[in-house]
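Only one structure is covered here, and it is reproduced in the block below.
Nothing in this text is a laboratory measurement; each read-out follows from the coordinates by a stated rule. The structure displayed is predicted, hence computed values, not measured ones. Backbone-built Cβ (ideal geometry, glycine too); neighbour counts: all protein chains shown.
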Amino acid sequence: MRSKEAGSSAVQPGQAQREGAPSSDMGFSSCTHPTTPCADSPLVSILLWCLQFEGKTSFGMSVFNLSNAIMGSGILGLAYAMANTGIILFLFLLTAVALLSSYSIHLLLKSSGIVGIRAYEQLGYRAFGTPGKLAAALAITLQNIGAMSSYLYIIKSELPLVIQTFLNLEKPASVWYMDGNYLVILVSVTIILPLALMRQLGYLGYSSGFSLSCMVFFLIAVIYKKFQVPCPLAHNLANATGNFSHMVVAEEKAQLQGEPDAAAEAFCTPSYFTLNSQTAYTIPIMAFAFVCHPEVLPIYTELKDPSKRKMQHISNLSIAVMYVMYFLAALFGYLTFYDGVESELLHTYSKVDPFDVLILCVRVAVLIAVTLTVPIVLFPVRRAIQQMLFQNQEFSWLRHVLIATGLLTCINLLVIFAPNILGIFGIIGEISLLPILVDPWVHILH
């Protein structure tokens, strides 16, 4: 009798690839049924009882969510990366990272289709047991905590400048609403935390679309400012990036030619291939800019009428759009300031005119964009914690809230004590290479 029932409820061919396994908090991992013993075969349990989850997120909303997960604070450091690699080398590296990112998503979807599981942690468990599950969860946690830290650092550094410009102050006042540490806590509590308490990722599609529109406005402003900002500026000649090689060449040309404007002319000439002490930072920065892998499987699970082909199209479209935006923002940001560009592009614009209305609007747009990105990045971290500590437990709003609150508290402490954003970009970019270059390959080869 029991074998007959099992046969009648068997999973049809291809169904394991088409549907995902929900978790206790968002619908992603193994679960148990109160009347069915799952101990006999955990994978069969997942397929038979957890495939009831039906995604309702449309193709367009999924593109918005994944694009928003890709697009973050990394775009602010790409002009600096181009200044320390040159246009040609930067384009080559950007293309290579984008292709690797797209192909690693293909491997991730393929490996999830083979075993019928749509959770990073469960793929790790399927391939390597408990150590693989813990390694996947730890990698996702570290990478996404670093990503959220970079977003909140943007809020910490930019929001005081926005308020200072609104108040028309030449120097920041010693009041709490001009203190970035207080402001980042305020934004976390009033905006990020309520959005992070959403139970499903698909609900954030509209906020993701608005966030992307803000970054499009940022790109348009960067292109426009290229034709408005003169070159060189006085602070350009101080060579703020630390890239002294180009300036030395400019000075030698000026001495040989005996022309007072020769150094300025050489400074405002783009470099196509550059290697210096800062070049090593560029690969982590670009790897960080394309990381979206922890969000791929959650978005896949909530996708309406899901299939690997459909999710791959979403990934390819999102990466292609971000690739174009990244290159244009880096190119025009670099051609505006050349070797004078700083690691955070908006800070460089503030040296031109601290009270520029357009740049003020751009700052506000970027702040909105990175703020609305944090809740999306927080979802996979909470799921990873659920997988490691509370895998077989029912959903609890108390635990849901406590995990989100604890994560934001830790990230705020990290941001408050972090010396600068470049260190966060570098460290987290190196960690980001794991999901891009290593993890999907290891899973599918195993």
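Brief remarks on what is shown
- Each of Y349, Y120, Y206 has some number of other Cβ atoms within 10 Å of its Cβ, and from fewest to most they run Y206, Y349, Y120.
- Each label was represented as a point 7 Å from its Cα along the Cα-to-Cβ direction; for T190 and K351 these points are 3.2 nm apart.
- Annotation: average projected area of the stretch 259-354 is 9.4 square nanometres, based on the convex hull of Cα atoms across all directions.
- Residue-by-residue Karplus 3J(HN,Hα) for the stretch 341-349, coefficients 6.51, -1.76, 1.60, Hz, glycine and proline x: 5, 9, 5, 10, 4, 5, 5, 5, 5
- Among K133, K351, sorting on how many other beta-carbon atoms sit within 10 Å of each Cβ, with the fewest leading, yields K351, K133.
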